[in-house]
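The block underneath contains the structure these notes are about, expressed in structure tokens.
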Amino acid sequence: FTPSTSGQYAMIAQDNSTSCQDTSSCRYVDVSCTGFSVSVSPSNPPTLCPGETITLTASGATSYTWNTGQTGPSIVVSQPGSYYAIGTSGNCQATSNTVVVSYHPPVDTAVQLTGTTLSPVNVRPNYTYRWINCANPGTILHTGTSFTPSTSGQYAMIAQDNSTSCQDTSRCYFVGITTSSVFPTNRGIYISLYPNPTEGPSWLVAEEAITQVEVRDLAGRLLQRREGYANRWLLEEYSAGTYIVQVWLERGATAILRWHVLR
């Protein structure tokens, strides 16, 4: 029954097998709502990559309540599911079309470190693998299923699923390339600092006994001064950065070293 004028209407239902009948409650019908509708766009959104969002926008009414409990003409969706809006204008109310938002499976970014070589735990044939230094993520260092850095540092893998064009980046992995730096003193005696660069402590080793060590930052601020008498000195762990280390030996020789701490 479609009323031609606005008003309160009810239904009388009769069970003809028993001749029993009953009347429903009255419902107000506003004929000005005829043809009133609400729509949500995009109605058929593309499948999203993990981490992506999409904005759904309702139109056709003056106020909206979404099935998520949110209100307003637009919502930002970050989870898969079905979404619709109930729109209201005056006495008119309508439910929109239902929009289904779906996501591609997560990209596999599991990495293993074997010696100093990084590689995916599971090499997938439809993936492209790119490798970056976490200190300079905008530069691709290598493309391939394995990567062996030439210097110590933090490295990560960017994996792209070519079947979906989705990509993700692994966490950063420290790769330590054990090296030592040998520095001459002002008297031709050499002092070794290793590992350098380092991710933790380093050792100072000299042919003569070391009697004093100073560590300064690049601004020249003194961070540590130690005195003693030993051929091997341990430089305790510092935060990431480059430090100036000055060393004095027992017979007056001295040297200034650059110490690189990666984290």
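Does Pro149 count as over 19 Å from the mean Cα position of the chain (by Cα), closer than 27 Å to Pro46 by Cα and at pLDDT below 95?
Spelling it out, it is not the case that Pro149 is over 19 Å from the mean Cα position of the chain (by Cα), closer than 27 Å to Pro46 by Cα and at pLDDT below 95.
Which one is surrounded by the fewest Cβ atoms within 10 Å (Cβ to Cβ) among residues in region 236-251 that are within 30 Å of Ala135 (Cα to Cα) and either in contact (Cβ under 8 Å) with a residue 40 or more places away in the chain or charged (D, E, K, R) (or both)? Can you show your working first?
We begin by selecting, within region 236-251, every residue within 30 Å of Ala135 (Cα to Cα); these are 236-247.
Filter once more, keeping what is either in contact (Cβ under 8 Å) with a residue 40 or more places away in the chain or charged (D, E, K, R) (or both): 236-237, 245, 247.
Numbers: Glu236: 10, Glu237: 12, Val245: 23, Val247: 21.
By that ranking, first place goes to Glu236.
Taking region 177-189 as the search range and keeping residues that are under 29 Å from Gly115 (Cβ atoms) and either charged (D, E, K, R) or assigned to a strand (DSSP E or B) (or both), which one is modelled with the lowest pLDDT?
If we take residues in region 177-189 being under 29 Å from Gly115 (Cβ atoms) and either charged (D, E, K, R) or assigned to a strand (DSSP E or B) (or both), then Ser181 is modelled with the lowest pLDDT.
Identify the single condition in (1) surrounded by 11 or more Cβ atoms within 10 Å (Cβ to Cβ); (2) modelled with pLDDT of 95 or more; (3) among the aliphatic types (A, V, I, L, M) that Val31 does not satisfy, given that it satisfies every other one.
Only one criterion in (1) surrounded by 11 or more Cβ atoms within 10 Å (Cβ to Cβ); (2) modelled with pLDDT of 95 or more; (3) among the aliphatic types (A, V, I, L, M) is unmet by Val31, namely (2).
Taking strands (runs of 3 or more DSSP E) that do not extend beyond region 17-105, which have at least 1 residues that are in contact with a Cys (Cβ under 6 Å, 6 or more places away or on another chain)?
Once the strands (runs of 3 or more DSSP E) in region 17-105 are filtered for at least 1 residues that are in contact with a Cys (Cβ under 6 Å, 6 or more places away or on another chain), what remains is 92-95.
Condition test on Ser119, is it polar (S, T, N, Q), within 30 Å of Ala255 (Cβ to Cβ) and out of contact with any Cys (no Cβ under 6 Å at 6 or more places or on another chain)?
no
Among the residues that make up region 120-129, is at least one of them touching a residue at least 24 places away in the same chain (Cβ under 8 Å), outside any loop (DSSP other than H, G, I, E, B) and among the charged types (D, E, K, R)?
No, because not a single residue in region 120-129 is touching a residue at least 24 places away in the same chain (Cβ under 8 Å), outside any loop (DSSP other than H, G, I, E, B) and among the charged types (D, E, K, R).
Restricting to region 153-204, give me the number of residues that are of a type in the set (S, T, N, Q), surrounded by 14 or more Cβ atoms within 10 Å (Cβ to Cβ) and within 30 Å of Asp108 (Cβ to Cβ).
Adding up the residues that qualify gives 6.
For region 159-170, does any single residue satisfy the condition of being closer than 30 Å to Ser102 by Cβ and free of Cβ contacts under 8 Å to residues at least 40 places away in the same chain?
yes
I'd like the residue in region 207-247 that is of a type in the set (Lys, Arg) and not in a loop (DSSP other than H, G, I, E, B) and, out of all such residues, is nearest to Pro197 (Cα to Cα). Step through it out loud before you land on a result.
The first filter runs over region 207-247 and keeps only residues of a type in the set (Lys, Arg), leaving 216, 221, 225-226, 232.
Imposing the further condition that a residue be not in a loop (DSSP other than H, G, I, E, B) reduces the set to 216, 225-226, 232.
On the way: Arg216: 16, Arg225: 21, Arg226: 21, Arg232: 18 Å.
For region 207-247, the residue satisfying everything is Arg216.
May I ask you to list the residues in region 89-139 that are crowded, with 16+ Cβ neighbours inside 10 Å, under 17 Å from Thr65 (Cα atoms) and at pLDDT below 95?
The answer is Cys92, Gln93, Ala94.
So is Thr65 free of Cβ contacts under 8 Å to residues at least 24 places away in the same chain, more than 25 Å from the chain's Cα centre (by Cα) and either surrounded by fewer than 18 Cβ atoms within 10 Å (Cβ to Cβ) or more than 30 Å from Ser146 (Cα to Cα) (or both) or not?
yes
Determine whether Ser146 is touching a residue at least 12 places away in the same chain (Cβ under 8 Å), out of contact with any strand residue (DSSP E or B) (no Cβ under 9 Å at 6 or more places or on another chain) and of a type outside the set (D, E, K, R).
Taking the combined requirement at face value, the residue does not satisfy it.
Please go through region 34-62 and pick out each residue that is among the hydroxyl-bearing types (Ser, Thr, Tyr), loosely packed, with under 14 Cβ neighbours inside 10 Å and within 16 Å of Asn91 (Cβ to Cβ). Full working, then the answer.
Taking region 34-62 first, the residues among the hydroxyl-bearing types (Ser, Thr, Tyr) are 34, 37, 39, 41, 43, 47, 53, 55, 57, 59, 62.
From the residues that got through so far, the ones that are loosely packed, with under 14 Cβ neighbours inside 10 Å too are 34, 43, 47, 53, 55, 62.
Within region 34-62, Thr34, Thr62 qualify.
The values are calculated or read from the model by the stated rules, or taken from the named source; none is laboratory data. If you're wondering where the values come from, they're calculated on a predicted model, not measured in any experiment. Cβ: placed from backbone, ideal geometry, glycine included. Neighbour counts: every protein chain shown.
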